[in-house]
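Participant: Pasting a structure here, questions to come.
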């Protein structure tokens, strides 16, 4: 199993261009939110669970994946994912599932267009074309950078 630092180093090597990095700061968090929101809108039988159950399951599975590689990053990412889940819950209650779904689809499409524009500046294809696990590394890569900026230990 690759260490988190190996994942982050590999991801960093595909994201050296400053313009691409800025696009990632602008686009990765909305993509993560939009995935949570889209999962939140998947109907759940009332006898089984409440709305948002699929999103919570995805958050738990992502947390487990991160935890196996870096406890520090996993905790930081869990906090971020829970906050995004709370935001989604509030939006679900105020907008309803259909409007939340439309909003999430719009955010998802616009943010991914931004990602691909960033990679045009990079001159490289996105990392997830080689391994889908990189879809989980993008948020971890940004969180690692944020933690370092905030003065927390730099190693994953």
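Participant: Check off (1) crowded, with 18+ Cβ neighbours inside 10 Å; (2) farther than 27 Å from residue 8 by Cα for residue 43 and give me the number that stays unchecked.
Facilitator: (1)
Participant: Within region 10-24, can you find the residues that are modelled with pLDDT of 95 or more and either loosely packed, with under 13 Cβ neighbours inside 10 Å or over 25 Å from residue 104 (Cβ atoms) (or both)?
Facilitator: The answer is 17, 18, 19.
Participant: Of everything in region 37-55, what is at pLDDT 95 or above and assigned to a loop (DSSP other than H, G, I, E, B)? Give them in sequence order. Steps first, please.
Facilitator: Step one: list which residues in region 37-55 are at pLDDT 95 or above, which gives 37-42, 52-55.
Passing the criteria: 41, 42, 52.
Participant: Restricting attention to region 46-67, which residues are over 25 Å from residue 109 (Cα atoms) and buried (at least 18 other Cβ atoms within 10 Å of the Cβ)? Lay out the reasoning, then the answer.
Facilitator: As a first pass, look at region 46-67 and keep what is over 25 Å from residue 109 (Cα atoms): 46-50, 64-67.
Matches in region 46-67: 66 only.
The values are calculated or read from the model by the stated rules, or taken from the named source; none is laboratory data. Keep in mind it's a predicted model, so treat the numbers as computed, not measured. Virtual Cβ from ideal backbone geometry, glycine too; neighbours counted across all protein chains shown.
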